[in-house]
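Here the structure comes first, spelled out in structure tokens, and everything after it is commentary.
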2 protein chains.
Amino acid sequence: MAGTDDNITQQQSAAKPQKQPKQPKQPKPQQSGGGKKKEVKKETGLGLTNKKAENFGEWYSEVVVNGEMIEYYDISGCYILRPWSMAIWGIMQAFFDPEIKKMKIKNCYFPLFVSNTVLEKEKDHIEGFAPEVAWVTKSGESDLEIPIAIRPTSETVMYPYYSKWIRGHRDLPLKLNQWCNVVRWEFSNPTPFIRSREFLWQEGHTAFATKEEADTEVLEILELYRRIYEEYLAVPVVKGKKSELEKFAGGLYTTSVEAFIPNTGRGIQGATSHCLGQNFAKMFEINYENEKGEKAMVWQNSWAYSTRTIGVMVMVHGDDKGLVLPPKVASVQVIVIPVPYKDADTQGIFDACTATVNMLLEAGIRAESDARDNYSPGWKYSQWEMKGVPLRIEIGPKDLANKQVRAVRRDSGAKIDIGNDDLVVEIKKLLDNIQQNLFDVAKHKRDACIQIIHTWDEFVAALNEKKMILAPWCDEEEVEKDVKARTKGETGAAKTLCSPFDQPELPEGTVCFASGKPAKKWSYWGKSY
Amino acid sequence: MAGTDDNITQQQSAAKPQKQPKQPKQPKPQQSGGGKKKEVKKETGLGLTNKKAENFGEWYSEVVVNGEMIEYYDISGCYILRPWSMAIWGIMQAFFDPEIKKMKIKNCYFPLFVSNTVLEKEKDHIEGFAPEVAWVTKSGESDLEIPIAIRPTSETVMYPYYSKWIRGHRDLPLKLNQWCNVVRWEFSNPTPFIRSREFLWQEGHTAFATKEEADTEVLEILELYRRIYEEYLAVPVVKGKKSELEKFAGGLYTTSVEAFIPNTGRGIQGATSHCLGQNFAKMFEINYENEKGEKAMVWQNSWAYSTRTIGVMVMVHGDDKGLVLPPKVASVQVIVIPVPYKDADTQGIFDACTATVNMLLEAGIRAESDARDNYSPGWKYSQWEMKGVPLRIEIGPKDLANKQVRAVRRDSGAKIDIGNDDLVVEIKKLLDNIQQNLFDVAKHKRDACIQIIHTWDEFVAALNEKKMILAPWCDEEEVEKDVKARTKGETGAAKTLCSPFDQPELPEGTVCFASGKPAKKWSYWGKSY
């Protein structure tokens, strides 16, 4: 390993150094002899060295590695997505992709590369992305005649062709999506899933004849994003509109689902659905002949969710034992563990485990057994808790005798004995219950962090208490800039998260907490990722 | 559009110029008035300007564009995969991904970027790829401290981590796959799907304790590749082993499925399944403790198929009317076209079309109707023929009266009237028949190109006749190099395609066609893509 490790060290010092969590020692597996009765020692050493409540950043880095979601990579800000996290990505995709197909959105694939001239076409847009763009300047030993950018997003990659393909009103709407990787060479604090230099996402790009159609789609897509977070990841989100300062560079308006991480008191943009208006259409000359034979300009949307979703889920549900996966996205929903005792019917126990797994698999439940003979049951419990499997089934001599299994919930630790006859029905109920409970608990915690304030002093106090602040606001860009400037500190400045669609009543005469001017709306404020 | 076109021109002159096919004029759509009876002119102008038999290269470039699979992109060697081709990619993925999951291969995602030190670790391997590697040297305005490569393939990206993850025999086999883009900055003759600077593929990377397990998997995967070509794309392939000269750089041996393009007389490597042996394991120190407690080295495989598959399918089946898609991969298997006549029951015809589509959709057949009122039926026929839809259904007044539809096969042009009562059953039969017929015809054509030769003179003659040459060979690397040198011409040199697993008898005393030494095996030879 020396050679490889050297390389990694070299590369790291060359690029920005990347904080890597300490990994716990792997227990030394015992040699299996092949005999039936083996002594199995209770192993220790598995577990997290950091606590979520005490040391959140380190806890997070540790849990994504020890839960086998992520491996740190030798290029800073890039991470390996291991099967445990890719399976979650795949499950979300298996929901989202058919949903957008129902909306007649089709998948395509545009190149990774974009030429400078096209990239710079929309000025606000490029200003937003320019500092983070990675440039290819060489192939083999030769310099390219002109450097070529790697897509940070694909508006400018795609829209020259929208201009070509869209001629008449019958070419509209044009609704495309792609699943791909994008690169944003950020230098600030890379964090697995949350902020990485390369990430996976889907990006939808649509063009319509009318603003009404575009507006409608923006919200349909946002609802799908809400469902990914709330129904799949069990993470409560707020739907709303971004401020002018926080909207997508070059777009007309941005809607988003916003999550909140109580431990850090930070909001996090979960996914965004933008109406681009006609800005890009103007720059890229995406025109069509309307039904009256007149030249008209299209209305466009773009929308995306990324692997960030997985990080938000980890942050919201994880605990000091490790990951906690909602059943709907867990690649293993039920782990079945044999608990043999000396002189007990070991073979019978292993057979019961296999039979249980098969019964669950047939019922469409993602189940696996852990029959490894070189780890104790206790060690296995810890490992699967670390990996966040929603439900553990233990089968020991007593269970075998009583024709039952013992189920242990990852979320609550509750233990439930279930008779073999009711197994499938009860396990399904339990998984549904865990899914709902994770959401309820997360929502309760999130809601407890929401604080309504009216004055600057209340705002500052709430910010210090890591609240998700709901405040009456005049909706002026200069005021948001001012709030940012006044709250700037080591851990960033406060900004708007969104103006929620679900607006509380705004009594006449209510004034902006920051400017004292008449308030126009309620907005969420806070620090954010 | 002027602005955009300028950019494209600029960029093209900067990069290598890219040959773009002429696109036929779009017929000018007529204005729809909304009334029921409209005059619909027979439009012309849709069609290919090149013939497959006369001008294959231009025909291919034209058909992938006019069939709406590809749009040429403003960076040379990069292409846009439009929904019509991405759907095919998706259908193949929906076959392959579950198949490898049955083999307990799991999906993951490794970064796009690889550091120089890791990339260069396996010398033969990097020699094979170095000239084509694209390098990122800048982010925003800043130079990176060390240039970073974009993966041309992921052996060197992944294997440092295999070294980390594999400790004991219980960590084996390790079987991962990823679906991703890779970049090979080739300068020779970029061709959509077949040879492009960025392409999509899956790459599997597995590690085993024994060579036997690795050998077995190589062939299991190769069989899946054969099924993709033969069962999905209806393209006959030869399974075999690559010569030492043609094997994967750094690997132990390479197996492949080889297709053949009769029009050009060129072989084309369809997909490859490599046994890497222990070369990478040695370089990356991928060791484990075996059951006896001894240190041992893993055996590795890697295997991939790419979007090239789609190009091979186009080349094999396409004709002078456009694409011809095998039903199993066509996103639209049946296109239903109303054929209204003056004074006929137009509404009844349109309703029958809708009913037909719904009936087919319910039966799991991918059907669509083309109810556009600004194109004539004849123009629609041409367009869907261009796009290669396997079966067209026409419904006119006579069909309505007779409670039937008229089906027209894309492959043979045959017209079949089908009673409404038998519709689903008969359409399914027809689609199966088309699938089989495409394969049979392609196989017949391919087989007619195979020529067995014994002498150098026969070899040269067969090469000039664009044959796929099966020849007895001494299996010596120097001899293959010599053949290459002696046949080098404007259109490339002859080389081995593969040594087929299905070997004809090799009578004792048979000599190599090129060296006169004793022949060790039969090998396919030819020019190739």
> For segment B:465-483, how many residues are open to solvent by 50 Å² or more (accessible area, probe 1.4 Å) and closer than 20 Å to B:Thr272 by Cβ?
Replying inline: 2
> Which ones in segment B:390-418 are more than 21 Å from B:Ala330 (Cα to Cα), small (Gly, Ala, Ser) and touching a helix residue (DSSP H, G or I) at 6+ places or on another chain (Cβ under 8 Å)?
Replying inline: B:Gly396
> Among the residues of segment A:76-90, is any touching a Gly at 6+ places or on another chain (Cβ under 7 Å) and either under 28 Å from A:Asn189 (Cα atoms) or of a type in the set (Val, Ile, Thr) (or both)?
Replying inline: yes
>> B:Ala130 - would you say it is within 27 Å of B:Tyr229 (Cα to Cα) and open to solvent by 20 Å² or more (accessible area, probe 1.4 Å)?
In response: no
>> Restricting to segment B:168-181, name every residue that is over 24 Å from B:Glu99 (Cβ atoms) and at the interface with chain A (Cβ under 7 Å from one of its Cβ atoms).
In response: B:Gly168, B:Arg170
>> Against the condition surrounded by fewer than 21 Cβ atoms within 10 Å (Cβ to Cβ) and either at pLDDT below 95 or not aromatic (Phe, Trp, Tyr) (or both), how does B:Gly364 come out, does it pass?
In response: yes
> Does segment A:302-309 contain any residue that is surrounded by fewer than 24 Cβ atoms within 10 Å (Cβ to Cβ) and among the β-branched types (Val, Ile, Thr)?
Replying inline: yes
> Name the pairs whose Cβ atoms lie under 6 Å apart, with the first residue in segment B:452-467 and assigned by the TED database to the domain that holds B:Gly492 and closer than 16 Å to B:Pro262 by Cα, the second open to solvent by less than 80 Å² (accessible area, probe 1.4 Å) and part of a loop (DSSP other than H, G, I, E, B), and 6 or more positions between them or separate chains?
Replying inline: B:Ala462/B:Ile453; B:Leu463/B:Ala494; B:Lys466/B:Gly265
>> For segment B:90-114, give me each residue that is touching a helix residue (DSSP H, G or I) at 6+ places or on another chain (Cβ under 7 Å) and more than 7 Å from chain A (Cβ to nearest Cβ).
In response: B:Ile91, B:Met92, B:Phe95, B:Phe96, B:Glu99, B:Met103, B:Val114
>> Restricting to segment A:135-166, count the residues that are within 7 Å of another protein chain (Cβ to nearest Cβ) and in contact (Cβ under 8 Å) with a residue 60 or more places away in the chain.
In response: 2
>> Could you check segment B:116-128 and list, in sequence order, the residues that are touching a residue at least 24 places away in the same chain (Cβ under 8 Å) and facing chain A (nearest Cβ under 9 Å)?
In response: B:Asn116, B:Val118, B:Lys121
>> Filter segment B:189-219 down to the residues that are more than 15 Å from the chain's Cα centre (by Cα), within 25 Å of B:Glu99 (Cβ to Cβ) and open to solvent by 20 Å² or more (accessible area, probe 1.4 Å) and list them by number.
In response: B:Ala209, B:Thr210, B:Lys211, B:Glu212, B:Glu213, B:Asp215, B:Thr216, B:Leu219
> Which residues, counting only those in segment B:140-161, are over 17 Å from B:Gly250 (Cα atoms) and crowded, with 20+ Cβ neighbours inside 10 Å?
Replying inline: B:Ile148, B:Ala149, B:Ile150, B:Tyr161
> Which ones in segment A:403-415 are in contact (Cβ under 8 Å) with a residue 12 or more places away in the chain, under 30 Å from the mean Cα position of the chain (by Cα) and surrounded by fewer than 17 Cβ atoms within 10 Å (Cβ to Cβ)?
Replying inline: A:Ser412
>> Just to check your reading of the model, which residue among B:Trp525, B:Trp456 is buried (at least 18 other Cβ atoms within 10 Å of the Cβ), over 30 Å from B:Ala367 (Cα atoms) and at pLDDT 95 or above?
In response: B:Trp525
>> Looking at segment A:65-89 only, could you name the residues that are at the interface with another protein chain (Cβ under 7 Å from one of its Cβ atoms) and open to solvent by less than 10 Å² (accessible area, probe 1.4 Å)?
In response: A:Glu71, A:Tyr73, A:Asp74, A:Ile75, A:Cys78, A:Ile80
>> Can you name every one of the strands (runs of 3 or more DSSP E) wholly within segment A:80-168 that holds 3 or more residues which are modelled with pLDDT under 95?
In response: A:142-150
> assigned to a loop (DSSP other than H, G, I, E, B) and either without any contact (Cβ under 8 Å) to a residue 12 or more places away in the chain or open to solvent by 30 Å² or more (accessible area, probe 1.4 Å) (or both), is that true of B:Glu186?
Replying inline: yes
> When A:Lys239 is evaluated against the numbered criteria (1) in a helix (DSSP H, G or I); (2) open to solvent by 10 Å² or more (accessible area, probe 1.4 Å), which criterion, by number, is the only one it fails?
Replying inline: (1)
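Residues checked against (1) open to solvent by 20 Å² or more (accessible area, probe 1.4 Å); (2) aromatic (Phe, Trp, Tyr):
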| position | (1), (2) |
| --- | --- |
| A:Trp384 | yes, yes |
| A:Gly388 | no, no |
| A:Arg392 | yes, no |
| A:Ile395 | no, no |
| A:Ala401 | yes, no |
| A:Asp417 | yes, no |
| A:Asn420 | yes, no |
| A:Val425 | yes, no |
| A:Lys429 | yes, no |
>> I need the full set of residues from segment B:477-521 which are at pLDDT below 95 and either under 14 Å from B:Ser243 (Cα atoms) or part of a strand (DSSP E or B) (or both), in order please.
In response: B:Gly489, B:Gly492
>> Looking for something at pLDDT below 95, away from every other protein chain (no Cβ under 11 Å) and not in a helix (DSSP H, G or I) - is there at least one such residue anywhere in segment B:49-58?
In response: no
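The values are calculated or read from the model by the stated rules, or taken from the named source; none is laboratory data. Computed from a predicted structure; not experimentally measured. For neighbour counting, all protein chains shown are included, and Cβ atoms are generated from backbone atoms with ideal geometry for every residue, glycine included. For the accessible areas, the whole protein counts, side chains as well, though only heavy atoms, and no ligand, DNA or RNA atoms are used. Shrake-Rupley method; radii C 1.70, N 1.55, O 1.52, S 1.80 Å.
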